[in-house]
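The values are calculated or read from the model by the stated rules, or taken from the named source; none is laboratory data. Keep in mind it's a predicted model, so treat the numbers as computed, not measured. Here the Cβ positions follow ideal geometry from the backbone for every residue, glycine too, while neighbour counts run over all protein chains shown. For the accessible areas, the whole protein counts, side chains as well, though only heavy atoms, and no ligand, DNA or RNA atoms are used. Shrake-Rupley method; radii C 1.70, N 1.55, O 1.52, S 1.80 Å.
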Amino acid sequence: MTIKFLAEDDRPREKFLLKGKSSLSDSELLAIIMGSGSKDESALELARKILASVNNSWHQLSLLSNKELMKFKGVGEVKAVSIIAALEIGKRRTVQEIPEKAVISNSDDAYFILKNKLSDLRTEEFWAIFLNQSNKVIHISQLTQGGISQSIVDVRILFKMALDHFSTGIIIAHNHPSGSLKPSKEDISITKKIHEAGKTLSIQLLDHIIVTQDTYFSFSDEGLL
């Protein structure tokens, strides 16, 4: 029996088995994750509708909550959780591809490490990368999780962690869920505060990265450090 004679919900799976994973379209992959559609449309049709609603962007899809996914007819709690879980696996796989003790030589290197942690969040989080004298990453940590508008870091906790890991350099980062790359007054203020505190402890603030959905702003690149 050829694929075209199968029920439409079964076709993506059969195509996967016959032609391999790289042959599948985004909608076919999503259809496999969901397993089935509704009484009115197949899993493939439902997948196309869901992806079309987010401009066929996996990144945009990852921003949807289970309640938002369940607004689509045919998507119950189990399917919504399955979609979110699959996207989270992809995100974690990407994070694990970062080599141990990666060397950061510029803002692009820092952004590569931070984007999968910060780019798709709806609230602000504040993270820090701790480096040794060779600019090798020795520790990465989330320091705070804030509201929709701002996340304030405790400078004492930041430098305690730096001292605990014998770090000589720090890169701080937070996200702007609004998509704006412009640093706020608070962003500039906390950057100056951390920069000055680091001088006393001989721990250099190397950069402050603001991460948005698909790009970043570097205080170092803009001459603000």
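Residue-by-condition table, conditions (1) modelled with pLDDT under 90; (2) among the hydrophobic types (A, V, I, L, M, F, W, C); (3) within 27 Å of GLY90 (Cβ to Cβ):
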residue	(1), (2), (3)
ASN116	yes, no, yes
VAL137	no, yes, yes
PHE159	no, yes, no
ALA162	no, yes, no
ILE172	no, yes, yes
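Consider ILE172 carefully, then state whether it is open to solvent by 40 Å² or more (accessible area, probe 1.4 Å), aliphatic (A, V, I, L, M), assigned to a strand (DSSP E or B) and under 30 Å from LEU87 (Cβ atoms).
no
Where in segment 20-135 are there helices (runs of 4 or more DSSP H), lying wholly inside it, with at least 1 residues that are over 29 Å from ILE152 (Cβ atoms), within 16 Å of the chain's Cα centre (by Cα) and in contact (Cβ under 8 Å) with a residue 12 or more places away in the chain?
It comes to 58-62, 77-96.
Return the residues of segment 175-203 that are touching a residue at least 40 places away in the same chain (Cβ under 8 Å) and either open to solvent by 60 Å² or more (accessible area, probe 1.4 Å) or among the acidic types (Asp, Glu) (or both); say none if nothing qualifies.
Answer for segment 175-203, where residues must be touching a residue at least 40 places away in the same chain (Cβ under 8 Å) and either open to solvent by 60 Å² or more (accessible area, probe 1.4 Å) or among the acidic types (Asp, Glu) (or both): just LEU201.
Restricting to segment 19-32, name every residue that is surrounded by 16 or more Cβ atoms within 10 Å (Cβ to Cβ) and either modelled with pLDDT under 90 or not acidic (Asp, Glu) (or both).
The answer is LEU24, SER27, LEU29, LEU30, ALA31, ILE32.
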